[in-house]
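Take a look at the structure below.
All of the numbers you see were taken from the coordinates with simple rules; none came from a lab. Source: prediction; values computed, not measured. Quick reminder, even Gly has a Cβ in these numbers, built from the backbone with ideal geometry, and neighbours come from all protein chains shown.
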Amino acid sequence: MKLLYFAWVRERVGHGEEDVSVPADVDTVGALMRWLSERGDGYAAAFAEAGKVRAAVDQAHVGPDADIRDAREVAFFPPVTGG
Amino acid sequence: MKLLYFAWVRERVGHGEEDVSVPADVDTVGALMRWLSERGDGYAAAFAEAGKVRAAVDQAHVGPDADIRDAREVAFFPPVTGG
Amino acid sequence: MADRPHAGYSSSVQEADFDLAREVDAMRDGRTDIGAVVTFTGTVRDMHGDTQIADLTLEHYPGMTEKALDALARDAAARFPLLGCRIVHRVGTMRPGDNIVLVVTCSAHRQAAFDAAMFMMDDLKMRAPFWKKETRAVDGAWQGAWVDARESDAQAAAKWADASPRPIAADADG
Amino acid sequence: MADRPHAGYSSSVQEADFDLAREVDAMRDGRTDIGAVVTFTGTVRDMHGDTQIADLTLEHYPGMTEKALDALARDAAARFPLLGCRIVHRVGTMRPGDNIVLVVTCSAHRQAAFDAAMFMMDDLKMRAPFWKKETRAVDGAWQGAWVDARESDAQAAAKWADASPRPIAADADG
């Protein structure tokens with residue numbers, strides 16, 4: 001599964017993109033955030049305030065309950081601030 | 001007193017501008033419209049539907065009760081349609 | 001505007017066409033305090049309802065028109081937190097596709113710029129002394145006809161009578 | 001849009017600046033059925049609240065951004081009686097006074113053009129995957145800081161959730 005990070009989530013994680021093999025029981029966006037948090041201090045800092053991190057699965061905005069079992073690409077980022 | 005006519009009021013009256021001496025008892029916009037209506041068929045046609053004619057005294061929109069005794073310029077026209 | 005020294009406003013009545021880019025550039029003028037620029041351009045349509053239109057002639061009340069447009073721009077600058085506003089209205093004969101009227105508003109914030117532009121157009125349609133005469137296709141011949149005022153315009157203008165400008169958060173941008 | 005064959009919509013994400021006049025001319029393209037053209041230009045301000053800003057960098061999510069902007073323009077064309085709409089958003093680093101975003105809407109009627117432009121900006125600020133990082137003056141030094149999302153933008157976007165386009169009178173123009 002391809003993971004993407006943007007803005008301060010990217011800065012805290014330390015890189016913008018990676019490919020990971022996710023355990024079968026990590027099957028939602030929320031579960032993925034918790035699983036990633038345990039991969040190191042940068043990840044922990046990025047996901048410490050879970051309410052401030054948004055997600056997209058295959059380039060569509062989703063909530064924490066979204067299923068990721070068929071996802072090709074999951075992205076994490078702060079609330080958007082364009083315009 | 002200078003009188004001005006615009007759009008179809010001008011076309012019915014037959015000219016766009018004239019100087020008139022108005023009797024002292026013709027002291028409001030409404031009274032002036034009634035007085036003008038008696039000056040000929042064109043005027044009568046212009047003011048036949050008094051509710052469709054608007055007025056300005058010295059270049060400010062006014063209602064039929066507006067005082068014209070100190071007016072230098074009174075204009076009559078249909079509701080505006082700019083923009 | 002003693003309390004808003006930068007809220008420049010201006011208006012113009014002219015036969016000549018206007019240039020959108022030039023008007024916007026003149027208002028922005030290298031300023032860095034502007035966050036939002038809204039423009040409205042009104043143009044001549046080739047149809048009025050189901051009737052084909054050959055051209056449109058704008059008559060106006062010289063002297064009063066300039067005062068009315070200037071008052072309109074000044075009112076918008078007083079009513080909304082603008083950094084500039086301008087209205088340009090053409091007179092004379094225009095053809096379908098031609099420009100009729102331009103409103104430009106600049107503000108730190110987008111809502112004020114949008115609201116002011118809408119207010120100016122709504123108010124213009126009720127107060128500015130312009131009259132439109134169309135050349136219409138009627139039974140195969142061209143016929144001049146004065147455009148009737150519309151109730152929907154009176155309603156649009158009336159909604160501003162009691163409306164106060166919306167409060168703008170101090171840190172809002174764009 | 002089978003029911004509105006002329007409601008062309010498009011979007012662009014680009015580093016290069018855009019040209020307001022060229023974008024508007026391309027949409028109008030000599031058409032004579034348009035009565036109203038609204039543009040919104042969002043620009044970089046030199047202040048954020050009381051803090052001075054040196055520059056602004058727009059990060060985005062390549063791939064998703066293009067889809068999001070295209071969906072935004074398509075939604076506007078479906079929701080309002082438009083004759084065309086377009087959104088252009090820049091990415092990369094910009095300085096105060098520079099352009100960030102452009103929305104252009106064309107309609108027969110002014111209310112639809114205004115409403116669609118406001119809808120597109122409100123929706124953009126909630127959905128399009130862009131993030132702003134400012135270089136701010138803090139205690140005499142320049143410091144990079146990500147811009148926080150604002151509750152007022154969420155409220156602005158929420159008001160469209162239940163709103164239907166306003167009915168437009170068949171003979172309304174401008």
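Please go through segment D:26-54 and give me each residue that is touching a Gly at 6+ places or on another chain (Cβ under 7 Å), within 22 Å of D:S10 (Cβ to Cβ) and β-branched (V, I, T), ordered by number. Can you show your working first?
Initial filter on segment D:26-54 (touching a Gly at 6+ places or on another chain (Cβ under 7 Å)): D:27, D:30-32, D:35-36, D:42-45.
Still in the running and within 22 Å of D:S10 (Cβ to Cβ): D:27, D:30-32, D:35-36, D:42-43.
Once the filter is applied, which keeps residues that are touching a Gly at 6+ places or on another chain (Cβ under 7 Å), within 22 Å of D:S10 (Cβ to Cβ) and β-branched (V, I, T), segment D:26-54 yields D:T32, D:T43.
Kindly indicate the residue of segment C:124-149 that is on the phi < 0 side of the Ramachandran plot and in a loop (DSSP other than H, G, I, E, B) and also surrounded by the fewest Cβ atoms within 10 Å (Cβ to Cβ) among those meeting that condition. Let's see the steps before the verdict.
Of all residues in segment C:124-149, those on the phi < 0 side of the Ramachandran plot come to C:124-138, C:141-149.
This time we only want the ones that are in a loop (DSSP other than H, G, I, E, B), so: C:128-129, C:147-149.
Details: C:A128: 27, C:P129: 25, C:V147: 19, C:D148: 12, C:A149: 18.
Checked segment C:124-149; the qualifying residue surrounded by the fewest Cβ atoms within 10 Å (Cβ to Cβ) is C:D148.
Any residue that is closer than 24 Å to C:V147 by Cβ, among the hydrophobic types (A, V, I, L, M, F, W, C) and touching a residue at least 40 places away in the same chain (Cβ under 8 Å) - is there at least one of those in segment C:28-43?
yes
Scan A:R12, A:R54, A:R34 and give me the residue that is under 18 Å from D:A68 (Cβ atoms) and of a type in the set (K, R).
Residue meeting the stated conditions: A:R54.
Step by step: first the residues of segment B:23-38, then only those that are more than 12 Å from the chain's Cα centre (by Cα) and of a type in the set (D, E, K, R), then the one that is farthest from C:M126 (Cα to Cα). Which residue is that?
B:D25
Mind listing just one residue for me: the one in segment C:99-118 that is outside any strand (DSSP E or B) and more than 9 Å from chain D (Cβ to nearest Cβ) and, of those, farthest from C:A158 (Cα to Cα)?
In this case the residue turns out to be C:H109.
Filter segment C:132-146 down to the residues that are within 10 Å of chain B (Cβ to nearest Cβ) and in contact with a Phe, Trp or Tyr (Cβ under 6 Å, 6 or more places away or on another chain), then identify the one that is farthest from C:V13 (Cα to Cα).
Looking at residues that are within 10 Å of chain B (Cβ to nearest Cβ) and in contact with a Phe, Trp or Tyr (Cβ under 6 Å, 6 or more places away or on another chain), I get C:W146.
Conditions tested, residue by residue: (1) within 12 Å of another protein chain (Cβ to nearest Cβ); (2) acidic (D, E); (3) within 12 Å of the chain's Cα centre (by Cα); (4) closer than 25 Å to C:V101 by Cα.
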{"position": "B:S21", "(1), (2), (3), (4)": "no, no, no, no"}
{"position": "B:G40", "(1), (2), (3), (4)": "no, no, no, no"}
{"position": "B:A46", "(1), (2), (3), (4)": "no, no, yes, no"}
{"position": "B:A60", "(1), (2), (3), (4)": "yes, no, no, yes"}
{"position": "B:R69", "(1), (2), (3), (4)": "no, no, no, no"}
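For C:T32, state whether it is more than 7 Å from every other protein chain (Cβ to nearest Cβ) and either surrounded by fewer than 24 Cβ atoms within 10 Å (Cβ to Cβ) or not in a helix (DSSP H, G or I) (or both). Break it down stepwise before answering.
Values: more than 7 Å from every other protein chain (Cβ to nearest Cβ): no; either surrounded by fewer than 24 Cβ atoms within 10 Å (Cβ to Cβ) or not in a helix (DSSP H, G or I) (or both): yes.
The answer is no for C:T32.
Condition first: of a type in the set (A, V, I, L, M) and touching a Phe, Trp or Tyr at 6+ places or on another chain (Cβ under 9 Å). Now tell me which residues in segment C:16-59 satisfy that. Before you say what the answer is, go through the steps one by one.
The first filter runs over segment C:16-59 and keeps only residues of a type in the set (A, V, I, L, M), leaving C:16, C:20-21, C:24, C:26-27, C:34, C:36-38, C:44, C:47, C:53-54, C:56, C:58.
Hits for segment C:16-59 are C:A36, C:V37, C:V38, C:A54, C:L58.
Just to be sure, is C:A54 over 13 Å from the mean Cα position of the chain (by Cα) and either among the polar types (S, T, N, Q) or in a strand (DSSP E or B) (or both)? Break it down into steps so the answer makes sense when it comes.
Working: over 13 Å from the mean Cα position of the chain (by Cα): yes; either among the polar types (S, T, N, Q) or in a strand (DSSP E or B) (or both): yes.
Spelling it out, C:A54 is indeed over 13 Å from the mean Cα position of the chain (by Cα) and either among the polar types (S, T, N, Q) or in a strand (DSSP E or B) (or both).
For D:L58, are the conditions met, namely being on the phi < 0 side of the Ramachandran plot, among the aliphatic types (A, V, I, L, M) and in contact with an Asp or Glu (Cβ under 7 Å, 6 or more places away or on another chain)? Steps first, please.
Details: on the phi < 0 side of the Ramachandran plot: yes; among the aliphatic types (A, V, I, L, M): yes; in contact with an Asp or Glu (Cβ under 7 Å, 6 or more places away or on another chain): no.
The answer is no for D:L58.
Working carefully through the options C:M94, C:M64, C:M121, find the one that is within 14 Å of chain B (Cβ to nearest Cβ), buried (at least 17 other Cβ atoms within 10 Å of the Cβ) and within 14 Å of the chain's Cα centre (by Cα).
C:M121
Identify the single condition in (1) touching a Gly at 6+ places or on another chain (Cβ under 9 Å); (2) more than 7 Å from chain D (Cβ to nearest Cβ) that C:D17 does not satisfy, given that it satisfies every other one.
Here C:D17 meets the rest and fails (1).
Against the condition exposed (fewer than 11 other Cβ atoms within 10 Å of the Cβ) and either assigned to a loop (DSSP other than H, G, I, E, B) or over 9 Å from the mean Cα position of the chain (by Cα) (or both), how does B:P64 come out, does it pass?
Against the criterion (exposed (fewer than 11 other Cβ atoms within 10 Å of the Cβ) and either assigned to a loop (DSSP other than H, G, I, E, B) or over 9 Å from the mean Cα position of the chain (by Cα) (or both)), B:P64 does not qualify.
Between a residue in segment A:1-30 that is assigned to a strand (DSSP E or B) and any residue that is of a type in the set (K, R), which pairs come within a Cβ distance under 8 Å, given they are 6 or more apart or on different chains?
A:K2/A:R72; A:E17/A:K2; A:E18/A:K2; A:D19/A:K2
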